[in-house]
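Below is one structure, written out as structure tokens, with a few remarks after it.
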Amino acid sequence: MFRSLPTPFLVMTPDLVIAEANEAYLATTGRTRDELVGVPVFEAFPGNPSESEADGGVSKVQASFERARDTRQPDTMPLQEYDIPDGRGGFSKRFWSLISTPVLDAEGRCAYVVQRAEDVTDYVRDQQRAGADASALQRRVLQVESDLYARGLELRAAQAAEAASADRLTALAGVALRLAGAETVADLVSVITAGGMAVVDSPGGAVAVREGDVLRSVVSEQLGGAATQETYQTLPVDGPLPVCVAARTGRPVLLPDRDASLAFAPGMAAVVEATGGVAYASLPLRTPTREIGVLTIVWDRPRHFDPAEVEVLTAFAAQCSQALDRIQTRQAELRSARQLAALADLALTLGRAESVHELTSIVVERGLAVLGAQGGAVAVVDPDDRSRLRLVITDGLGSVAQHAYELLALDGPMPVSIAARTGRPVVTHDAAESLALTPDMAQVMADTGCQAWFAHPLTTGGRLVGALVVGWAEPQDFGAAESDVVVAFASQAAQVLDRLQTRAAERTALTALAGTVEALQRSLLSDPPEPDHLQVAVRYLPAARQAQVGGDWYDSFVLGDGRTVLVIGDVTGHDSHAAAAMAQVRNVLRGVAHHSGGTPAEVLTGLDCAMRDLAIGTLATAVLASVEQTPAEAARGVRVLRWSNAGHPAPLLVAPDGTVEELERPADLLLGVDPLRARADHTHELPPGSTVLLYTDGLIERRGVPLDEGVRWLSGLVQSLRHLPLEELCDAVLAELSEMDDDVALLAIRAHPEDRPRPAEAGPRRMPEGHTALV
């Protein structure tokens, strides 16, 4: 309504920043709303200096604005010349009749300054063309002003009514600005109560948000306090009260007095008593595509709903609709962001799950908690009796449920049984749907306190491995977004359950190989030393599931002079024969390194010669590195990584600032080809906080993908995980792997600062007892 007024109006804040302009003002000045709103008025309309006014009239107009603001009284200026920009770099000469009016808040302070700007340029130019001199023109202006004053006296009543209407519209505009800052429905009600209700002379009201067949209301404190808020917090859409009827029909409900209110519905007597209201207006809140709620306004005296009043109420409701739609959209975005974050956290956390109990707890209590789930369970087929399901149930469903439903018949009527048997989801939105599925759900609801259920099959690789079932205490809509989250969590759970089941099968199969292979495994993949402030973490994943050993290996040990040696290598082959060859290479390397004390290049050369002389008939790639520190380097708090590369993937260095560098230098020949070929050493300084990863190619190999792309993938992954403790970083890297065609060995070090105690996350310092470096 403000924008459609025929008279040009400009709204400014007390510091003279433009807050709004109606269409007539924009047309008069040739400007757009985007060009003006938020801009100081004299930046938007700078003065055009002239011979008579050096500042182009800025000081006079500003003084008028400030008088209106400071005195809180309207200020009328005499005829004022004030040129405005013409959009072509120049100015357009204009003459104005200007009136500035303050808009006061509930405490009597100036909240806005409204300027009425009448363009009288044509009149002035007509007088000039008629040859009127300045004094005559001024006399004519006085005469015009006198005529206007006389006319104003005659139309005083009309002007008073227009002013009152303008005040309401201005106040409504102020409410609209404050509504734009509301972030929650409670904020919305607060803005409406603090300023909006004053526009319609109401002591209070309520905003009801529609959620399916239920209205959830926030009632202003002025209408009976906490008791009223609790009583009317939740109402059915099909109820008899005005708010319900407005939500159901999409039409306003207007009750002008006590008699009309009491006659509307039997429940209105309690509403009148609780709120102290007499007249009520319930106005639907809607967007172009949906009904979102109802705004209810309450008056403590009778109200006459004439067309002008209804128009103002409708405009007020439209503003509330826009604000509520924005709040709901923002909340949906935040909810979606939280769900995505939960899914990402779940993916990382599930990588550490070692049992079905951990899997269930992580998925339900940490993942589906974002949807308000009370509890749930993961069901797998009982290996001792494949006609039964064995359930792991979270604490949220209670100890009674944990004992009563630990075992269920696979062919039973429960949602989880149906999902695990058929491979199809089963959803019940409330108690009625749960009972309709099977009468047995009555006892389930009594035992768990949940009435809405979502059971989803767990499938991976085309195999049905179990089912996930989740319960809610309140009825649920299960919209597309919520369903997608449950499906995503079920997919993650299926992968982990498959991993757990596969691992259990592997453990069973490996029992028969516990002798020689286990002894070899223990000797090859021993725990690394943990010298001073250097943390070492190791991981190994074999490609051959049955043997748990292969051709990839890692190693770390401390030389007599205190240098920490790091080894990563890959012997050709993926079976126990490769493991045996690897064991020979590994042990010979240890002996050469410890006896010779040479540089990495010298040790690899010695190893190559020994492989030839000892007839170790295999080929291998390797990176041999040593972490060194001179007294000068120790004083600076840095270490040096020295390494030599025998045809192996280059190490990755993660600097303290998160930069990832591939330590790629010209690689030397593989081991086992030509022991006389020269090898080179390379060095790189390690500032405190640096992390180095040595790995075998199984970590970066992808079928049909070049190795360079695999290295870039690993670099990006490590950079995103750099904030994790070293052990967690290694787990998270390996959790990104799916099916592997090759062994994976991973060795990572982190150089912690030496000017403070070794951090707890690095664990205790660990060195072999009696080691030469300790003497």
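Only four residue types carry charge here, +1 at the Cβ of Lys and Arg and -1 at the Cβ of Asp and Glu. Report the dipole size of segment 1-81 about the Cα centre in Debye, rounded to the nearest 20.
320
Using a basic spin-label model with each label point 7 Å from the Cα along Cα→Cβ, how many nm lie between residue 724 and residue 614?
3.6
Under 1.5 on a/c is rounded, so check that first for segment 393-437, then, if it is not, pick prolate when a/b is larger than b/c and oblate when it is not; a ≥ b ≥ c are the square roots of the alpha carbon gyration tensor eigenvalues.
It comes out oblate by the Cα gyration axes.
Test of understanding: what is the full-extension gain from residue 685 to residue 269, defined as 0.36 nm times their sequence separation minus their Cα-Cα distance?
Residue separation times 0.36 nm, minus the Cα-Cα distance, leaves 141.6 nm.
In segment 640-775, if the dipole is taken from +1 on Lys/Arg beta carbons and -1 on Asp/Glu beta carbons about the Cα centre, which of 653, 671, 684 is farthest to the positive end?
Result: 684, furthest along the dipole toward the positive end.
Carbon and sulfur: what percent of segment 1-133's accessible surface (1.4 Å probe)?
49
Using Cα pairs closer than 8 Å and at least 6 residues apart in sequence, work out the relative contact order for segment 601-705, in percent.
33
If packing is taken as the mean number of other Cβ atoms within 10 Å per residue, what is the order of 290-302, 420-432, highest first?
290-302, 420-432
Might you tell me the accessible area per residue for segment 192-305, computed with a 1.4 Å probe and given in Å²?
On a per-residue basis, segment 192-305 sits at 45 Å².
Can you tell me the length gained on complete extension of the stretch residue 587 to residue 446, counting 0.36 nm per residue apart and subtracting the Cα distance?
Extra length from residue 587 to residue 446 when fully extended: 44.3 nm.
What whole-number value in Å² describes the accessible area per residue of segment 601-656 for a 1.4 Å probe?
Counting only protein heavy atoms, the per-residue value for segment 601-656 is 35 Å².
Could you rank the peptides 699-705, 483-489, 397-403, 112-118 by their average count of other C-beta atoms within 10 Å per residue, with the highest value first?
112-118, 483-489, 397-403, 699-705
Could you do me a favour and compute the accessible area per residue for segment 50-139, 1.4 Å probe, result in Å²?
Ligands and nucleic acids excluded, the figure is 57 Å² per residue.
For segment 640-690, which trypsin sites (Lys or Arg not before Pro) pass both filters: DSSP loop (anything but H, G, I, E, B) and at most 15 other C-beta atoms within 10 Å?
677
I'd like the distance separating the alpha-carbon centroids of segment 54-74 and segment 622-678, in whole Å.
74
Can you list the GluC sites (Glu not before Pro) in segment 703-748 that are in a DSSP coil and have 15 or fewer other beta carbons within 10 angstrom?
Loop-located and lightly packed - 736, 739.
Towards the positive end of the charge dipole of segment 425-494, with charges on Cβ (+1 Lys, Arg; -1 Asp, Glu), say which of 446, 432, 457 has the farthest Cα.
The listed residue farthest towards the positive side: 457.
Which is farthest toward the positive dipole end of segment 552-659 among 595, 638, 553, measuring Cα position about the Cα centre, with Cβ charges +1 (Lys, Arg) and -1 (Asp, Glu)?
638
Which peptide among 371-383, 465-477, 219-231 comes first, and what is the full order, when sorted by highest mean count of other Cβ atoms within 10 Å?
Ranking, from highest mean packing down: 465-477, 371-383, 219-231.
How much of residue 670 can a 1.4 Å solvent probe reach, expressed as accessible area in Å² and rounded to 10?
60
At a 1.4 Å probe, what is the % contribution of carbon and sulfur to the accessible area of segment 530-642?
The computed percentage sits at 56.
Over segment 648-695, with every protein chain in place, what whole percent of the accessible area is carbon and sulfur at 1.4 Å, could you tell me?
In segment 648-695, the share of accessible area belonging to carbon and sulfur is 53 percent.
Determine the relative contact order of segment 670-767: mean sequence separation of Cα pairs under 8 Å and six or more apart, normalised by residue count, in whole percent.
Relative contact order of segment 670-767: 41 percent.
According to a simple spin-label model (label point 7 Å from Cα along Cα-to-Cβ), what is the distance in nm between residue 105 and residue 399?
For residue 399 paired with residue 105, the spin-label model returns 5.6 nm.
At residue 301 and residue 433, where each label point lies 7 Å from the Cα along Cα→Cβ, what is the point-to-point distance in nanometres?
Going from the residue 301 label point to the residue 433 one covers 5.1 nm.
Return the Rg/Rh value of segment 692-775, two decimal places, where both radii are evaluated on C-alpha atoms and Rh is the Kirkwood radius.
1.08
The values are calculated or read from the model by the stated rules, or taken from the named source; none is laboratory data. Remember, it's a predicted structure, so these values are computed and weren't measured experimentally. Positions of Cβ are generated from backbone atoms using ideal geometry, with glycine treated the same way; all protein chains shown enter the neighbour counts. Protein only, heavy atoms only, side chains kept; ligands, DNA and RNA dropped before computing areas. Shrake-Rupley method; radii C 1.70, N 1.55, O 1.52, S 1.80 Å.
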